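Before any comments, here is the structure.
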Amino acid sequence: VESSSNAPATVPVTKVSLAAMEQARMSWETTELAASNKRLYNILRDAYSYYLTMKQDPNKGARKDRVIELERFINARGYTFMPSTHDMTRVVKCVFGVDRRRVSAYSIALREALRQGIKSHDLILFIEQNGGVEQIRMGGSKPLSVTKRAAKAADEVLGNTLGLLKFDAKLFAADAD
């Protein structure tokens with residue numbers, strides 16, 4: 001059905017208050033988002049554990065089995081990698097698919113845990129204490145709170161020499177006394 005009017009479509013007026021929307025967002029963050037992140041961190045821990053077994057298990061057969069499984073999976077999915085691609089990235093791609101940004105972010109976070117010698121059973125705590133996968137990927141730690149930043153600034157200002165004053169002997173005639 002064609003309309004003879006060129007008037008713009010009306011936008012429905014919402015009766016939901018900002019406070020109600022804020023409350024809904026807070027509820028979502030503490031329940032659904034938190035549960036989703038927890039599940040993601042468990043999957044990342046499993047991928048990390050797979051990699052550690054493949055590289056560090058004392059049982060040579062277990063390591064070999066993981067390598068064979070990985071190669072078969074890669075071939076079955078038709079994934080391709082550069083020869084220089086880190087094996088952690090290979091594992092992450094097998095688990096999370098072909099979204100380059102996601103694979104990159106997760107691989108960087110897991111390789112940072114690897115660099116720091118994090119055990120697989122401590123990975124979730126490591127991710128949470130460092131502000132999540134994205135914060136680890138960006139190379140930082142969780143931002144300091146306002147109170148901690150203020151305390152740190154106060155320590156720096158009050159606890160250190162602010163400068164050194166040196167007189168030029170040519171301009172000021174003075175002796176050592």
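The values are calculated or read from the model by the stated rules, or taken from the named source; none is laboratory data. Just so we're clear, the structure is a prediction, and the values are computed from it rather than from any experiment. FYI the Cβ positions are ideal-geometry reconstructions off the backbone, even for glycines, and counts take in every protein chain you see. Heads up: the accessible areas ignore ligands, DNA and RNA and are worked out on the full protein's heavy atoms, side chains in. Shrake-Rupley method; radii C 1.70, N 1.55, O 1.52, S 1.80 Å.
Quick one: which of ARG115, ARG102 is among the basic types (Lys, Arg), at pLDDT 95 or above and over 21 Å from ALA35 (Cα atoms)?
None of the other options fit; the residue is ARG115.
Out of the residues in the stretch 65-95 that are among the hydroxyl-bearing types (Ser, Thr, Tyr) and open to solvent by less than 40 Å² (accessible area, probe 1.4 Å), which is nearest to ARG137 (Cα to Cα)? Spell out the reasoning first.
Step one: of the stretch 65-95, the residues among the hydroxyl-bearing types (Ser, Thr, Tyr) are 79-80, 84-85, 89.
Narrowing the set further to residues that are open to solvent by less than 40 Å² (accessible area, probe 1.4 Å) leaves 85, 89.
Values: THR85: 17, THR89: 13 Å.
Only one residue tops the list, namely THR89.
Kindly provide the set of residues from the stretch 99-115 that are over 15 Å from the mean Cα position of the chain (by Cα) and open to solvent by 100 Å² or more (accessible area, probe 1.4 Å), ordered by number.
Correct list: ARG100 only.
For the stretch 127-144, state whether one or more residues are modelled with pLDDT under 70, of a type in the set (A, V, I, L, M) and either open to solvent by less than 100 Å² (accessible area, probe 1.4 Å) or in a loop (DSSP other than H, G, I, E, B) (or both).
Within the stretch 127-144, one or more residues are modelled with pLDDT under 70, of a type in the set (A, V, I, L, M) and either open to solvent by less than 100 Å² (accessible area, probe 1.4 Å) or in a loop (DSSP other than H, G, I, E, B) (or both).
Residue check: is THR10 among the hydroxyl-bearing types (Ser, Thr, Tyr), farther than 22 Å from GLY131 by Cα and either touching a His at 6+ places or on another chain (Cβ under 7 Å) or open to solvent by less than 100 Å² (accessible area, probe 1.4 Å) (or both)?
For THR10, the condition - among the hydroxyl-bearing types (Ser, Thr, Tyr), farther than 22 Å from GLY131 by Cα and either touching a His at 6+ places or on another chain (Cβ under 7 Å) or open to solvent by less than 100 Å² (accessible area, probe 1.4 Å) (or both) - is not met.
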